[in-house]
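*Asks:* Shown below is the structure under consideration.
The values are calculated or read from the model by the stated rules, or taken from the named source; none is laboratory data. Only a predicted model underlies this, so the values are computations on that prediction, with no experimental measurement involved. Because the Cβ atoms are built from the backbone with ideal geometry, glycine has one as well, and the counts that use them run over all protein chains shown.
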Amino acid sequence: MVEEKKRMLTAKKEENFSEWYSQVIINSEFADYSAVSGVIVFRPMAYFAWDSIKNATSKLFRENGIQDVYFPLFIPERFLEKEKEHVEGFSPEVAWVTHAGKSELDERLAVRPTSETIMYDSYARWIRSWRDLPMRYNQWNNVVRWEFKHPTPFLRSREFLWNEGHTVFATEEEANAERDVILGIYGKILKEYLALPGIPGRKTDKEKFAGALASYSIEHIMPDGWVIQGPDFHNDGQNFAKVFDIKFIDKDNTEKYPYQNTFAISTRELGVMIAVHGDNHGLVMPPKLALIQVVIVPIYKDSNKSRILEAATKLKDLLSGAIRVYVDDRDSYSPGWKFNEWELKGVPIRIELGEKEILENKVTVARRDTMEKSTLGMEGIKEELLAMLDEINERMYEKAKALMLGHIHKVEKFEELKEAVAKGGVARAPWCGKQECEDRIKEETGAKTANMPFEAQDYATGKKCVYCGEAARAIVDFARSY
């Protein structure tokens, strides 16, 4: 029988990241391109990973009093026109529905770029009294943002999946207190499920969400030293409440506008995961997001096939329930082909089971994160493998954290900033707070502001702006961005 040719990566991550990234996604069968430019197909491994993120995040939301809802995909144009700053931020990206069949609609409908406007029309009808607050709703959905020239699967897609949290509070203090709760949930998901670190901080006014008073993000640093925004949280104050006439009667019997927040995590995280953890063999999946956590590859001849397959099935039965396990008993592929295939797909642990292993009552185990092999005895193997999966996630996180920290350069002079950015890194620099300096730095270096890291703000005391030399008001991460 003629074997199928191995799916190999021809591009090297360190030499041609863009081509490597595309090859990993397609060759591993994680996702595929569709007939619509910039819109991708989530294959089973990708959708399982996203569904796992969604379920884990929803559980934490529910534990914190946030309830799931769902609002329409289509938004009347008049709703978008109500909030000018918000609309201006999204208008170039909006896709419009203008016809139903051959009939022109009386009013254009936007295909959801985000849901503030349609949700807050309902909020204005639902909220009447302080007794209706807080209102803490979240929806999981898809959104469409069309305007960009170079879509990249997951990292920058015209359609993507995310959550939209939209919460309403009677007081500013309650609204402000939610920020750390939500960023804490997102940070937990990133670490425990995606094995990804991030840098939480406040966005500059130029980079904040359209219509928000303040925006906060968790920023990722990619292997090339460029940054990409991860989960975010927006303090919207009373801006949307005033536009959409959301009012309530407070305990003192006076009519007031409430305070609102919005927050999201998206399928962009899958792209960051691939980019940070993947290697020249393919994907490296964090265990909690892997559709298959352990693959068993039986190695047999015709003379011992039934005995070895029986042992493989017994091992699968032993592990099932605690571990997502699969036996690759396909006759049409050699063990070597299978090893390559499961490495490409990033399965965390591969078990090799042949005549030698059965005789010695042990198995050969290959870890995807380190590519190292070892042997495990059959006694207590389930517990050993569970511990190994936890160890793999921890090691992946620590490796990614070391990569992130290695790209951060504290600078105080503009020449140092330019040097750090030019060699592919993040320049953590004091800044006066003026948009003029922010703009000039971008014009001269190509670096924009990522955020103002919470952990670095004490460093600003007594410093001078990296560009103009005036007293610094904050520490900002400057970098090229996706």
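*Asks:* Restricting to the range 133-171, name every residue that is more than 16 Å from the chain's Cα centre (by Cα) and over 18 Å from Asp236 (Cβ atoms). Before you say what the answer is, go through the steps one by one.
*Replies:* First, pick out the residues of the range 133-171 that are more than 16 Å from the chain's Cα centre (by Cα): 133-139, 144-151, 166-171.
Passing the criteria: Val144, Arg145, Trp146, Glu147, Phe148, Lys149, His150, Pro151.
*Asks:* Taking the range 457-470 on its own, how many of its residues are in a strand (DSSP E or B) and loosely packed, with under 14 Cβ neighbours inside 10 Å?
*Replies:* Matching residues across the range 457-470 total 0.
*Asks:* If you don't mind, another one. Restricting to the range 428-437, what's the tally of residues that are touching a helix residue (DSSP H, G or I) at 6+ places or on another chain (Cβ under 7 Å) and either under 15 Å from Glu412 (Cα atoms) or not in a helix (DSSP H, G or I) (or both)? Spell out the reasoning first.
*Replies:* Taking the range 428-437 first, the residues touching a helix residue (DSSP H, G or I) at 6+ places or on another chain (Cβ under 7 Å) are 428-431, 435.
Retained after the next criterion (residues that are either under 15 Å from Glu412 (Cα atoms) or not in a helix (DSSP H, G or I) (or both)): 428-431.
Qualifying residue count for the region: 4.
*Asks:* On the given criteria, is Glu415 in the same structural domain as Val466 (by TED's automatic domain parsing), in a helix (DSSP H, G or I), without any contact (Cβ under 8 Å) to a residue 12 or more places away in the chain and not hydrophobic (A, V, I, L, M, F, W, C)?
*Replies:* Details: in the same structural domain as Val466 (by TED's automatic domain parsing): yes; in a helix (DSSP H, G or I): yes; without any contact (Cβ under 8 Å) to a residue 12 or more places away in the chain: yes; not hydrophobic (A, V, I, L, M, F, W, C): yes.
When the stated conditions are applied, Glu415 passes them.
*Asks:* Turning to a different aspect of this structure: For a quick check of your reading: which strands (runs of 3 or more DSSP E) sit entirely within the range 268-379 and have at least 2 residues that are in contact with a Pro (Cβ under 9 Å, 6 or more places away or on another chain)?
*Replies:* 294-298, 349-353
*Asks:* Look through the range 191-203, keep the residues that are in a strand (DSSP E or B) and touching a Phe, Trp or Tyr at 6+ places or on another chain (Cβ under 7 Å), and return whichever of them is surrounded by the most Cβ atoms within 10 Å (Cβ to Cβ).
*Replies:* Gly201
*Asks:* Whether any residue in the range 404-419 is within 30 Å of Val294 (Cα to Cα) and either out of contact with any helix residue (DSSP H, G or I) (no Cβ under 7 Å at 6 or more places or on another chain) or at pLDDT 95 or above (or both) is what I want to check. Please lay out each step first, then the result.
*Replies:* Of the residues in the range 404-419, the ones within 30 Å of Val294 (Cα to Cα) are 404.
Filter once more, so that each one left must be either out of contact with any helix residue (DSSP H, G or I) (no Cβ under 7 Å at 6 or more places or on another chain) or at pLDDT 95 or above (or both): 404.
Among the residues of the range 404-419, at least one is within 30 Å of Val294 (Cα to Cα) and either out of contact with any helix residue (DSSP H, G or I) (no Cβ under 7 Å at 6 or more places or on another chain) or at pLDDT 95 or above (or both), which makes the answer yes.
*Asks:* Kindly evaluate Leu386 against the criterion of being free of Cβ contacts under 8 Å to residues at least 60 places away in the same chain, of a type in the set (A, V, I, L, M) and in a helix (DSSP H, G or I).
*Replies:* On the way: free of Cβ contacts under 8 Å to residues at least 60 places away in the same chain: no; of a type in the set (A, V, I, L, M): yes; in a helix (DSSP H, G or I): yes.
No: the conditions fail for Leu386.
*Asks:* Restricting attention to the range 51-64, does a residue exist that is in a strand (DSSP E or B) and either in contact with a Pro (Cβ under 8 Å, 6 or more places away or on another chain) or at pLDDT 95 or above (or both)?
*Replies:* Within the range 51-64, not a single residue is in a strand (DSSP E or B) and either in contact with a Pro (Cβ under 8 Å, 6 or more places away or on another chain) or at pLDDT 95 or above (or both).
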